[in-house]
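For reference, the structure discussed in these notes is given below.
Just so you know, all these numbers are worked out from the coordinates, no wet-lab data involved. Note that the structure is a prediction, hence the values are computed from the model and not measured. Here the Cβ positions follow ideal geometry from the backbone for every residue, glycine too, while neighbour counts run over all protein chains shown.
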Protein chains: 2
Amino acid sequence: MEFIKEPMAIENRSMEIIAPYLAKLSLNADEIKLYSRMIHASGDVGYADIIKIGGGSIEKMKTALRDGCSIYTDVEMVRTGINKKKLAFWGGEVICKIADSQIAVTAKAKGITRSMAAMRYFGKQLNGAIVAIGNAPTALFEVIRMMEEENIRPAAIIGTPVGFVGAAESKKALAECSLVPFITVEGTKGGSPIAASCVNAVMYMIDNSR
Amino acid sequence: MEFIKEPMAIENRSMEIIAPYLAKLSLNADEIKLYSRMIHASGDVGYADIIKIGGGSIEKMKTALRDGCSIYTDVEMVRTGINKKKLAFWGGEVICKIADSQIAVTAKAKGITRSMAAMRYFGKQLNGAIVAIGNAPTALFEVIRMMEEENIRPAAIIGTPVGFVGAAESKKALAECSLVPFITVEGTKGGSPIAASCVNAVMYMIDNSR
């Protein structure tokens, strides 16, 4: 069977196919790259209508990444999806504590999710960092609480938790809290590949590599 | 802010919310669990209309998993998303070679994707195994070729590659090849969490744990 087998040819052709779905929106060049990569990660052009960007998040993320900021994720799948070799070029690393045995003990004792316990554990480490939450609404709610009650200030938050219990509400709270630059989506859709795609998209913008 | 923080309560409530979207379909109890977990992973009830199951794949997967079969994935994100502790209970492990340096050399030399080169490398190891492809159409096309030309026979293939270049075509080819039990989705949607959710759903059916 004949099909395109060369990785960059596949990616470039994907971006060409996605482009017409973005034409109706008023996006700048960086936003087109971001939207395209999120749609590329989901296979769902419906994302064009639900992506929300605020607080100059793309530029703020570029600056933070160039300065070597680290990225804190809620789950291992987001960490896995981020291009860590690229991130390491500027000095950053991806940090996830959901599989940490002590976090599990804390979470069980408090009756909360492990990803939520992990965000609480990170505390002031999140100042100036990028937070990328692709799965757990509870983790996103917790970071918003930490910003409001403990004055924690990440450089930006990518919040694309997925599902039917708290996901839409947590993402709405992120978009409305006005304390931090953000990238999110409305409603129930989202997931780890979507969160990772946001980080990767901005990294590729910095050096115009993809 | 008030929200549900207890992991199993979140999951159970999610499944309750998803249930009405499946009522119009003629699904048995296991299929409902499978569909629910795929929708849970995507936050997208639209999956109810595009999921395709064939060849008795759920039962075939249960048997293979109980017998300790391993799971071969195209990308690390699928491996990350599979409940490996649960799989290890029956003796299986998850194998992914996309990050292998020798696979990268082969892929570059041949002008193909690394995940495709990895499937070719696995060869007869795929006999009796479960193949879970969540990202790369090229990997799925390659396994179909190996079945047709080299008589390779996995116990089942979960094929949910995502995107706009070859994904829909590769999934259609899987559903039509009639050589192997399969789980797939029509069209461009898919992704690593969807593939992982299929494996996890069937494992949880075996011991009725979730």
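Observations on the structure shown:
- Total residues in region B:49-87, condition buried (at least 22 other Cβ atoms within 10 Å of the Cβ) and among the small types (Gly, Ala, Ser): 3
- Scope region A:85-101; condition assigned to a helix (DSSP H, G or I) and farther than 18 Å from residue A:157 by Cα; matching residues: A:85, A:86, A:88, A:89, A:101
This table checks each residue for (1) of a type in the set (Gly, Ala, Ser); (2) over 20 Å from residue A:44 (Cβ atoms); (3) under 16 Å from the mean Cα position of the chain (by Cα).
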site: A:119; (1), (2), (3): no, yes, yes
site: A:137; (1), (2), (3): no, no, yes
site: A:143; (1), (2), (3): no, yes, yes
site: A:188; (1), (2), (3): no, no, yes
site: A:193; (1), (2), (3): no, no, yes
site: A:198; (1), (2), (3): no, no, yes
site: A:201; (1), (2), (3): yes, no, yes
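- Restricting attention to region B:158-210, the residues being within 23 Å of residue A:12 (Cα to Cα) and β-branched (Val, Ile, Thr) number 4.
- Spans of helices (runs of 4 or more DSSP H) in region A:8-81 with at least 3 residues closer than 24 Å to residue A:94 by Cβ and either small (Gly, Ala, Ser) or away from chain B (no Cβ under 14 Å) (or both): A:29-42, A:57-66
- In this structure, residue B:46 does not satisfy being more than 21 Å from residue A:193 (Cβ to Cβ), among the small types (Gly, Ala, Ser) and either touching a Phe, Trp or Tyr at 6+ places or on another chain (Cβ under 6 Å) or surrounded by 14 or more Cβ atoms within 10 Å (Cβ to Cβ) (or both).
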